[in-house]
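The values are calculated or read from the model by the stated rules, or taken from the named source; none is laboratory data. Predicted model only: the values in this text are computed from it and were never measured. Glycine also receives a Cβ, built like all others from the backbone with ideal geometry; neighbour counts cover every protein chain displayed.
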C-alpha cells in the first residue's frame, strides 16, 4: 500500500516497487482517512505512508494501526529532516523511517528491510536518534510544534484551538508540555527557543 498526497509521488513509488519485482502494490491513497480504510480492508504486508497526509497524518495512522493490533508493517517517509518526527513515528509503532528526496533505490531497500521484519532508519536521522539524551534536540510532538508555530504567527490560544479543532484547554496543555521540554519559563520563550532550534519554521 502506498499513500501520499502527491499523485506524482504515488505513481513513481508504485512503479519503482512493482518494477523491483519484490512487491505487488494492492492499493494507493491520496489522503489519510482513505489510507487507513484501505489498510484495514486489505491488510497489506507493508504500508508506505507519508508523514504529511491530509485529514489523518502518517503518525496518527500508524498509532491507530498499532492500537488495533494490525499486522501491517508501516514504513513512514517524510520530507522533514527532523529527528523529532522520526522519534514520534517510531513511538507510534512504525517499523521504518526514510527521507524523501534521496535515491529511489534507498526507498526500495528500506521497503525490503521493513517487509522482511527488520527496522530501517535513514542514516541522516539515525545519528540524531542514537545520540546521548543530553545531546538530542528536545523532541516536541507534532501537535506541540503546530501549536508553537501558530503562536509564533501571532494567534491567540482560542484562535489556535479553532484552527486545530481542539479545545483551548488542550492548547494550554500542549504549550505547558512544550515549555517543560524546552526549559522555557514563558510561552514566548518556548516559541523563541523552538525557532532557534529549528523545531518550527
**Fill in**
Residues of region 86-95 being within 10 Å of the chain's Cα centre (by Cα) and either surrounded by fewer than 23 Cβ atoms within 10 Å (Cβ to Cβ) or free of Cβ contacts under 8 Å to residues at least 40 places away in the same chain (or both), in sequence order, are 87, 89, 90, 92, 94
**Item:** Given (1) surrounded by fewer than 22 Cβ atoms within 10 Å (Cβ to Cβ); (2) touching a residue at least 12 places away in the same chain (Cβ under 8 Å), index of the condition residue 98 fails
**Value:** (1)
**Message:** Within region 16-25, does at least one residue satisfy the condition of being buried (at least 19 other Cβ atoms within 10 Å of the Cβ) and in contact with a strand residue (DSSP E or B) (Cβ under 6 Å, 6 or more places away or on another chain)?
**Reply:** no
**Message:** Can you tell me how many residues within region 138-153 are more than 12 Å from residue 166 (Cβ to Cβ), without any contact (Cβ under 8 Å) to a residue 60 or more places away in the chain and surrounded by fewer than 21 Cβ atoms within 10 Å (Cβ to Cβ)?
**Reply:** 5
**Message:** Can you tell me which residue is modelled with the lowest pLDDT among those in region 30-45 that are surrounded by 22 or more Cβ atoms within 10 Å (Cβ to Cβ) and closer than 19 Å to residue 11 by Cβ?
**Reply:** 32
**Item:** Within region 22-127, strands (runs of 3 or more DSSP E) holding 3 or more residues that are more than 16 Å from residue 6 (Cα to Cα)
**Value:** 73-78, 96-99
**Request:** Considering (1) farther than 21 Å from residue 84 by Cα; (2) under 13 Å from the mean Cα position of the chain (by Cα), say which one residue 32 fails and leave the rest.
**Result:** (1)
